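The values are calculated or read from the model by the stated rules, or taken from the named source; none is laboratory data. Nothing here was measured: the structure is a model prediction, and the numbers come from that model. Glycine also receives a Cβ, built like all others from the backbone with ideal geometry; neighbour counts cover every protein chain displayed.
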Amino acid sequence: MSHHTLTEIRSQPAAWQQALERVRARAGQLTSLANRDYEQVIFTGCGSTYYLSLAAAALFQELTGRPARAVPGGELLLNSDTVVGRIGNPPNKTLLVAISRSGTTTETVRAVEQFKAQGRGPVIGITNYDTTLAGLADEAVIIPAGQEESVAQTRSFASMYVAATAFAAQIAGREDLLEGMEGLSVVGERLIGQYEAFARELGENLNFDRFYFLGSGARYGLACEVNLKMKEMTLTHSEPFHFLEFRHGPMSMVNERAVVVGMVSDKNSAHERKVLAEMRALGGTILSLAETDADVVFASGIPEPVRGVLYLPVLQLMAFYRALAKGLNPDRPANLTAVVKLDL
Ligand code: F1P
């Protein structure tokens, strides 16, 4: 039996490339909208796209030096004063970047409508479909090549993360980073070919019963997302942490049934590898991903801030094969629908 999820994971590099092209095609409009005197930039979404917002906000702040933060769509809707602050006088002091695969998730759409009605500022949408969000946004980046049949996001998430990455590089005026991103899809193809068998072997090992995903900086949001893949697709106990947080309690869960996945950076490699070595000594199985010297080696030559998407495919594949090994259908996770629509 063939699965949409596997096709979508394997074909994602082409969607990454389209995402980059779509941002570059709208570079002028995005720059003139984003390069104004905002007090803050808010990224929002729900579920996977909230985790994407966490990664994107961290990266945007790192590259542009401007305050940026992620909030879940439901919180922006129900607690806007808490998460964005009181409506300013004069208003229009916040830039909202709303992210949604479908563009129709009720919380995200309603939050955007309310944000606009309150005059808080302009909205940029990042989505895979030309639907409600694209219509509401002042500027929209639409990436059709990321569209999916599956409920759990894989190709779509990665494509929108590439768009958010390119957006941050564009607003930071970093043409060097945008040029570096042109190499992503080729490296992505190579990683999928090179490591699918490895991901399958780990995924099919049902002796493991708990997975921890460690990522710091912009990688924390990506760790949250791959942790969600493990939950949704495989119904396995799974949690994300910042690297150094893992010592502060969670490591008590590490034993020979635990897999600790390390999304290792260049910048803090020594600190992060030390955590992984300690978890190995406690009996855990370690899976490290990094540019060099790891179980999954990118060898991309692409600058660190814009290569984050490379952490995703091998971990998505691991979740896919674990779902099959557990007799689950990865395309249709338990209790979930592709879009959450609410009667609010
Ligand atoms: C987001 C969402 C997630 C959910 C699942 C499917 O929708 O519904 O909330 O966790 O992964 O996607 P969207 O607003 O990005 O379309």
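Checked against (1) more than 19 Å from residue 165 (Cα to Cα); (2) modelled with pLDDT of 95 or more; (3) of a type in the set (Ser, Thr, Tyr), residue 82 meets all criteria but (2). Give the residue that is surrounded by the most Cβ atoms within 10 Å (Cβ to Cβ), with candidates limited to residues of the range 302-344 that are away from the ligand (no atom under 15 Å from the Cβ) and small (Gly, Ala, Ser). Residue satisfying both the conditions and the ranking: 308. Between a first residue in the range 228-250 that is over 12 Å from residue 213 (Cα atoms) and among the acidic types (Asp, Glu) and a second residue that is in a helix (DSSP H, G or I) and within 16 Å of the ligand (Cβ to nearest atom), which pairs have beta carbons less than 6 Å apart while being 6 or more apart in sequence or on different chains? Once the first residue is over 12 Å from residue 213 (Cα atoms) and among the acidic types (Asp, Glu) and sits in the range 228-250, no partner that is in a helix (DSSP H, G or I) and within 16 Å of the ligand (Cβ to nearest atom) comes close enough. Taking the conditions exactly as written (surrounded by 24 or more Cβ atoms within 10 Å (Cβ to Cβ) and under 29 Å from residue 333 (Cβ atoms)), does residue 158 satisfy them or not? In short, yes. Restricting to the range 58-78, and then to whatever is surrounded by 15 or more Cβ atoms within 10 Å (Cβ to Cβ), more than 16 Å from the ligand (Cβ to nearest atom) and of a type in the set (D, E, K, R), can you tell me which residue is farthest from residue 128 (Cα to Cα)? Per the criteria, the residue is 66.
Filtered by the rule that a residue be crowded, with 18+ Cβ neighbours inside 10 Å and either outside the structural domain of residue 218 (by TED's automatic domain parsing) or not β-branched (Val, Ile, Thr) (or both), the range 259-274 gives 262, 263, 265, 272, 273. Given the criteria within 17 Å of residue 290 (Cα to Cα), touching a Pro at 6+ places or on another chain (Cβ under 8 Å) and outside any loop (DSSP other than H, G, I, E, B), does residue 191 qualify? Spelling it out, residue 191 is indeed within 17 Å of residue 290 (Cα to Cα), touching a Pro at 6+ places or on another chain (Cβ under 8 Å) and outside any loop (DSSP other than H, G, I, E, B).
Screening residue 180 on (1) of a type in the set (Gly, Ala, Ser); (2) within 16 Å of the ligand (Cβ to nearest atom); (3) part of a helix (DSSP H, G or I) shows it passes everything except condition (2). Contact map, the range 275-289: first residue assigned by TED's automatic domain parsing to the domain that holds residue 265 and closer than 17 Å to residue 265 by Cβ, second residue among the basic types (Lys, Arg) and at pLDDT 95 or above, Cβ cut-off under 8 Å, separation 6 or more or different chains; pairs are 275/247; 286/280; 288/273. The set of residues from the range 204-234 being away from the ligand (no atom under 14 Å from the Cβ), surrounded by fewer than 19 Cβ atoms within 10 Å (Cβ to Cβ) and outside any strand (DSSP E or B) comprises 204, 205, 206, 207, 208, 209.
The rows are residues; the columns are (1) among the small types (Gly, Ala, Ser); (2) more than 14 Å from the ligand (Cβ to nearest atom); (3) surrounded by fewer than 21 Cβ atoms within 10 Å (Cβ to Cβ).
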| residue | (1), (2), (3) |
| --- | --- |
| 80 | yes, yes, yes |
| 101 | no, no, no |
| 104 | no, no, yes |
| 110 | no, no, yes |
| 128 | no, no, no |
| 147 | no, no, yes |
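For the range 17-56, the tally of residues that are closer than 24 Å to residue 72 by Cα and under 16 Å from the mean Cα position of the chain (by Cα) stands at 16.
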